[in-house]
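The values are calculated or read from the model by the stated rules, or taken from the named source; none is laboratory data. In this text, all values refer to a predicted model and were calculated from it rather than measured experimentally. Cβ placement follows ideal geometry from the backbone for every residue including glycine, while neighbour counts extend to all protein chains displayed.
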Amino acid sequence: MTDQTLDHVTLRCRGCQTAYPPGLEYVCSRCLGPLDPEYDPAAVTARLSRDAVQAGPRSIWRYAPLLPASPGPGDLAPGLTPLVPAPRLAEALGVPGPLFLKDDTRNPTNSFKDRVVAVAVARARAFGLSTVGCASTGNLAGATAAAAAAQGLACVVVIPADLEAGKVASAAAFGATVVAVEGSYDQANRLSLQAVEAFGWGFVNVNLRPWYAEGSKTVGLEVAEQLGWSLPEHVVVPVASGALLTKVHQGFGVLADHGLVERTPARVHGAQSTGCSPVATAFAAGVDEVTPVRPSGIVKSLAIGDPADGAEALATVRRTGGRVEAVDDQEVVEAIELLARTTGVFGETAAGVTIATVGRLAARGEFRPGERVVALITGHGLKTHEVLDGRAGATVTVRPNIDALSEALEPLQPGLAVTG
């Protein structure tokens, strides 16, 4: 089934360049390559300008000419999240220039996945689907379930059985059918593909994937707009499937193509955990092929051992002069704490990976004075608070009188100032 309103969009194979009408196809029938939306430049130019964007909704839909869908009733309006200056964090990490956090914890279900789901579900509705679903490492499950609940669609989410409890609970609370697979995310993803073929459902990251991935582009579009219609010198992106990294860079390029920003160099850096670092390993080895791995460690939201867009992410990093780093679990936890204590932003484990990578890059001298660095904070720390159990903060238990309080606070000086 196709949507005839998409007269400015086609699907094109990334491999053999075969064109397809805008439908539910997601793999090229000739070479099995992935399909990507391709927009008519003239149609985009006719609708896209700085003034039009700034007059638009305070959500991803302000960039409607660059998206392949329109919001329907019940859309949760994600996007236009804050770009937060982080001078104290920059000082702590040794970043010599301005550091900004793109804080996607402010989205409706507290992660950037609300962006991609909004576009995918809009397409699902246009295609007449009544059931949507996803394979998820956590955040996507909650985002898909919430969007489906708000728009009256049935929802099935397929997750690894060892996922953090908070992420499972949120998806279930929105009324989704939660299927826990005794295996990895990659196994859950394979089961999802079989479910699509067997039941005809619209899985946002399977048969709706060409449309779904376009939502990630809005992160790059917003960053450029929020920097006064200019591109940062560096952007640091957590890598799971690799699509977020490639789409952020694509967003920068699209704005330059249409004259909304100057085409200046923007180095794109990838961040992974040592528990699942196929892209970082390929980067370090200087090879083009990304070899699948078996994920381990605490960073479950990035635990995709066989990343669908890993090779494209690797090529983007190299083309822009960036790097891909892998950080260990201890670095991740310390970075989560540092982020929270210097900025007031509580990020999940993926955020810890990103911030630890910013520190690594700063130590290597990758950032020069005056260069603007943007770090993507893609999910809220309450989703993975278990990793801080027994570490974060000091709980002081006292009798209910001021003398007991004073006695308890004394060992914590000089961090606390007592006046009187």
>> Among the listed residues Ile377, Ile355, Ile336, identify the single one that is modelled with pLDDT of 95 or more and closer than 20 Å to Leu231 by Cβ.
In response: Ile377
>> Being out of contact with any strand residue (DSSP E or B) (no Cβ under 8 Å at 6 or more places or on another chain) and over 22 Å from Ala141 (Cβ atoms): is that true of His258 here?
In response: yes
> Of all the helices (runs of 4 or more DSSP H) wholly in the stretch 207-305, which have at least 2 residues that are of a type in the set (Gly, Ala, Ser)?
Replying inline: 217-226, 243-257, 278-285
>> Being aliphatic (A, V, I, L, M) and either within 14 Å of Ala375 (Cβ to Cβ) or in contact with a strand residue (DSSP E or B) (Cβ under 7 Å, 6 or more places away or on another chain) (or both) is the filter here; which residues of the stretch 211-236 pass it?
In response: Val219, Val223, Leu227, Val235, Val236
>> If I ask for residues that are assigned to a helix (DSSP H, G or I), within 18 Å of Leu83 (Cα to Cα) and aliphatic (A, V, I, L, M), which ones from the stretch 339-364 would you list?
In response: Leu339, Ala340, Ala350, Ala351, Ile355, Val358
> Of the residues Asp51, Asp36, which is more than 30 Å from Gly365 (Cβ to Cβ), of a type in the set (Asp, Glu) and more than 20 Å from the chain's Cα centre (by Cα)?
Replying inline: Asp51
> Restricting the search to the stretch 321-343, which residues are under 25 Å from Glu233 (Cβ atoms) and surrounded by fewer than 17 Cβ atoms within 10 Å (Cβ to Cβ)?
Replying inline: Gly321
> What number goes with the only condition from (1) surrounded by fewer than 19 Cβ atoms within 10 Å (Cβ to Cβ); (2) more than 14 Å from Ala326 (Cα to Cα); (3) in contact (Cβ under 8 Å) with a residue 24 or more places away in the chain; (4) not basic (Lys, Arg) that Thr291 does not pass?
Replying inline: (3)
> Which condition number in (1) free of Cβ contacts under 8 Å to residues at least 60 places away in the same chain; (2) under 16 Å from Thr378 (Cβ atoms) is the one that Ala198 fails?
Replying inline: (2)
>> Out of Val398, Val418, I need the residue that is out of contact with any Gly (no Cβ under 9 Å at 6 or more places or on another chain) and either in a strand (DSSP E or B) or at pLDDT below 85 (or both). Which one?
In response: Val418
>> Show me the strands (runs of 3 or more DSSP E) entirely contained within the stretch 1-88 in which 1 or more residues are on the phi > 0 side of the Ramachandran plot, surrounded by fewer than 17 Cβ atoms within 10 Å (Cβ to Cβ) and at pLDDT 95 or above.
In response: none
> Considering only residues of the stretch 237-288 that are touching a Gly at 6+ places or on another chain (Cβ under 9 Å) and among the β-branched types (Val, Ile, Thr), which is surrounded by the most Cβ atoms within 10 Å (Cβ to Cβ)?
Replying inline: Val239
> Among the residues of the stretch 102-113, is there at least one that is polar (S, T, N, Q), crowded, with 20+ Cβ neighbours inside 10 Å, in a helix (DSSP H, G or I) and more than 17 Å from the chain's Cα centre (by Cα)?
Replying inline: no
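Listed here are the residues, each with its yes/no results for (1) within 19 Å of Thr349 (Cβ to Cβ); (2) modelled with pLDDT of 95 or more; (3) among the hydroxyl-bearing types (Ser, Thr, Tyr).
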{"site": "Pro96", "(1), (2), (3)": "no, yes, no"}
{"site": "Thr109", "(1), (2), (3)": "yes, yes, yes"}
{"site": "Phe112", "(1), (2), (3)": "yes, yes, no"}
{"site": "Ala122", "(1), (2), (3)": "no, yes, no"}
{"site": "Leu129", "(1), (2), (3)": "no, yes, no"}
{"site": "Ala161", "(1), (2), (3)": "yes, no, no"}
{"site": "Ser170", "(1), (2), (3)": "yes, no, yes"}
{"site": "Val196", "(1), (2), (3)": "no, no, no"}
> Can Thr144 be described as surrounded by 24 or more Cβ atoms within 10 Å (Cβ to Cβ) and outside any loop (DSSP other than H, G, I, E, B)?
Replying inline: yes
>> I need every pair where a residue in the stretch 150-164 that is assigned to a strand (DSSP E or B) has its Cβ under 8 Å from the Cβ of a residue that is basic (Lys, Arg), sequence separation at least 6 or different chains.
In response: Ile159/Lys167; Pro160/Lys300
> So which residues in the stretch 165-206 are touching a helix residue (DSSP H, G or I) at 6+ places or on another chain (Cβ under 6 Å), assigned to a helix (DSSP H, G or I) and farther than 21 Å from Cys276 by Cα?
Replying inline: Gly166, Ser170, Ala171
> Which one of the conditions (1) touching a Pro at 6+ places or on another chain (Cβ under 9 Å); (2) more than 24 Å from His234 (Cα to Cα); (3) crowded, with 16+ Cβ neighbours inside 10 Å does Leu99 fail to meet, given that it meets all the rest?
Replying inline: (2)
> Among the numbered criteria (1) within 25 Å of Ala52 (Cβ to Cβ); (2) aromatic (Phe, Trp, Tyr); (3) crowded, with 23+ Cβ neighbours inside 10 Å, which single criterion is violated by Trp229?
Replying inline: (3)
